[in-house]
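Here the structure is laid out as structure tokens; the discussion comes afterwards.
The values are calculated or read from the model by the stated rules, or taken from the named source; none is laboratory data. Predicted model, so just to flag it, every value in this text is computed and none were measured. Cβ: placed from backbone, ideal geometry, glycine included. Neighbour counts: every protein chain shown. Surface accessibility is based on the protein's heavy atoms, side chains included, excluding ligands, DNA and RNA. Shrake-Rupley method; radii C 1.70, N 1.55, O 1.52, S 1.80 Å.
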Amino acid sequence: MVIVSTPLSRWLTRCGGLLLAGLVLMLGAAGAEAATQKVERKISVGGMERSYIAYVPDSARSAAEVPVLFAFHPGFGSADAFSGQINIHRAPGADSFIVVYPEGFRRSWNSGDCCGPAMRRGIDDISFVKAMLEDLRRFGNISPNRNFATGFSNGFAFSQHLACNLPDSFAAIAGGGGVKDTSKQCANPKPISVMVMHGLIDEHSPFDGGQSKIERAGFRVSVQTVETFWQRQNRCSGTRTTSNLDGVSCTTHTGCTGGTEVVICPVPEMGHWWPGHEGSRAGERALGPSRGDLNGSAAVVRFFRSHF
């Protein structure tokens, strides 16, 4: 195993290419500089070499317990590109976590029903997450049950898959651009907080469900399918309007088991984008309009911190 550390001040912002699930984004999220180290790790999982990038705050070693925030890239993305695109490790409050950007198998994640090489090869990405949690113990006392997962497109679909298949390790998930029918594939469901930020005019993963613009991606379920599953699973009793994502009216299901909540943020005038990126003309032709006036990374960190 190899470890390489560099100061956070040397982080690089890089643009990725078009992603299978449709992502070309760059988010210049501003955040307070913190004493943090960038770490690159390679680990063996089931006889296969896997890798991840982590941003480890200096406070991690002395903390009684430190949560991990996983950020899963979209299809055809990469850990390095996604870290530079959403910069969630630089969002205000992110230094409360070890922020991890894992590398998918041939730029994809096996979310059970999607997508690419990881699904076709039956890659055990759940075991990869377990192995990362164990490997991260060298940096601090990793929380046994208060960890978090976010992602975009294929990466968010995998986050939902993770919530169903490794529920005892996670307190909340958040993201957008990718949904799945958890009602048919949730192996061991338990209450967990969920936030969805999804473009209302996303043609790659239509908000109301339907055929993806990418033909081979097939029929996608609606965001409401995800909302209904977790609302029922968490036994939520109330609903109110909130603004978890500043500038967007969100529906929040409250009164849920164990203090969990389900937040749905339909983003008007946005296609297949992470909220916060100002897309290029070429990008918007491929993915629909972007919303550079939003800050999805800050919203995700605030949501996760509210569920420590």
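Here are a few things to note about the model shown:
- Residues in the stretch 160-308 average 41 Å² of solvent-accessible surface per residue, probe 1.4 Å, ligands and nucleic acids excluded.
- Cβ-placed point charges (K, R +1; D, E -1), dipole of the stretch 217-295 about Cα centre in debye, nearest 20: 280 debye
- Alpha carbon centroid spacing (whole Å) that separates the stretch 266-308 from the stretch 122-190: 21 Å
- Ligands, DNA and RNA left out, the accessible area of the chain computed with a 1.4 Å probe is 48% carbon and sulfur.
- Looking at the stretch 138-241, the trypsin sites (Lys or Arg not before Pro) that sit in a DSSP loop and have at most 14 other Cβ atoms within 10 Å of their own Cβ are Arg235.
- Overall form of the stretch 190-308 per C-alpha gyration tensor (a/c, 1.5; a/b vs b/c): oblate
- Straight-distance crosslink candidates among lysines, where the alpha carbon sits under 29 Å from Lys38 and sequence neighbours closer than 8 are dropped: Lys130
- Over the chain: helical MRE at 222 nm, DSSP H runs n ≥ 4 each giving -39500 (n - 2.57), nearest 500: -6000 deg cm²/dmol
- Cα gyration tensor shape of the stretch 204-262, rounded if a/c is under 1.5, else prolate or oblate by comparing a/b with b/c: oblate
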